[in-house]
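Taking it in order: structure first as structure tokens, then the write-up.
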Amino acid sequence: MAKPANNLMLKQRIITALILAPLFLLIVIYGQKLWFAGMVLLIGGVAIFEWLKINQLPVGLAVFNAIILVVLCAYLMRWLPLSEFYFLLLSLLSWLPAFLWLRCHQWGYQQTSLQIMVKTLFGVLAILLFMLSMQQLHHHEMGVFRVLSLVFLIWVADIGAYFSGKNFGRHKLAVNISPGKTWEGVIGAQIAVIIYAVVLALMFNLNMLRLIPIIMLVALLSVVGDLTASLGKRQAKVKDSSKILPGHGGVLDRFDSMIIAAPVYLILLSVL
């Protein structure tokens, strides 16, 4: 019985990807800034809703708060571009708690009011920062290239991690958080993104020695976003953040790596 179910899920996964991936790329490449901003706000708004729902907020209240936060983010986008200092400060406020949470992963299972509030706040802040970062990346004169290079970086890292982990995975990365992830998968992802950085540098005449460490660090830190979302779902006893994307789960399931990758990429491009 499991095999037909797996085949159905794979078919749904492929169909969803074939529909949404080209649409995403078309908006990035050919869409006006308003279209891109709308897409980012939609992705971020759904991700916020899913995170609030994971952290026990009733559906109606989760929808209301997500809408309010999206409107706030749309207002903040009018101030772009912002200094990378602000992005760095907000990144520290949102991701330092995430690092500490992953380090002390037993914290949060009790689901006390304080734990739920803290998890909710730093998760929402991280998603808001993701939306602002994506918009600022797109605002740049090379905005389309910057956004696409980030998107393909995450895809390449995911593919490298999947095939390396599947074929060589022996040593668990975080068995109590995401049992399927291995150190071999992380290494495979790093090898894949190094090759990606070299190809990118050769194709577009970029500084390879500058690009490789940026790409490697973004790919490495994107794992934190993936693990953080996994830990949140594990503590809430849910497999997926939602069922909105057939075969894929929720928006948060698809963009968890990108949520930390976008601000990190933006900051590193300005300082390295």
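Considering every residue within the range 236-253, establish whether at least one is closer than 19 Å to V223 by Cβ, part of a helix (DSSP H, G or I), without any contact (Cβ under 8 Å) to a residue 40 or more places away in the chain and not β-branched (V, I, T). Yes. If the condition is being buried (at least 19 other Cβ atoms within 10 Å of the Cβ) and among the aromatic types (F, W, Y), then the range 123-151 contributes only F130. Restricting I215, I260 to those that are modelled with pLDDT of 95 or more, among the β-branched types (V, I, T) and either surrounded by 20 or more Cβ atoms within 10 Å (Cβ to Cβ) or touching a strand residue (DSSP E or B) at 6+ places or on another chain (Cβ under 8 Å) (or both) reduces the list to I215. So, in the range 18-72, of the ones that are of a type in the set (S, T, N, Q) and not in a helix (DSSP H, G or I), which residue ends up surrounded by the fewest Cβ atoms within 10 Å (Cβ to Cβ)? My answer is Q32.
For the range 159-177, the count of residues that are of a type outside the set (S, T, N, Q), out of contact with any helix residue (DSSP H, G or I) (no Cβ under 6 Å at 6 or more places or on another chain), under 22 Å from L211 (Cβ atoms) and not in a loop (DSSP other than H, G, I, E, B) is at least one. Candidates S178, S164: the one that is of a type outside the set (A, V, I, L, M) and either surrounded by 20 or more Cβ atoms within 10 Å (Cβ to Cβ) or farther than 23 Å from A262 by Cα (or both) is S164.
Of all the residues in the range 225-240, those that are among the polar types (S, T, N, Q) and under 13 Å from E50 (Cβ atoms) number 0. When the residues of the range 182-205 are narrowed to those that are touching a residue at least 40 places away in the same chain (Cβ under 8 Å) and either assigned to a loop (DSSP other than H, G, I, E, B) or touching a helix residue (DSSP H, G or I) at 6+ places or on another chain (Cβ under 7 Å) (or both), which ends up farthest from A236 (Cα to Cα)? The qualifying residue farthest from A236 (Cα to Cα) is L200. Going by what's in this entry, would V223 be described as modelled with pLDDT of 95 or more and part of a helix (DSSP H, G or I)? No: the conditions fail for V223.
Within the range 82-94, does at least one residue satisfy the condition of being assigned to a helix (DSSP H, G or I) and either under 20 Å from D253 (Cβ atoms) or at pLDDT 90 or above (or both)? Yes: one or more hits.
The values are calculated or read from the model by the stated rules, or taken from the named source; none is laboratory data. The shown structure was predicted, so the numbers you read here are calculated from the model rather than taken from an experiment. Glycine gets a Cβ as well: all are built from the backbone with ideal geometry, and neighbour counts include every protein chain shown.
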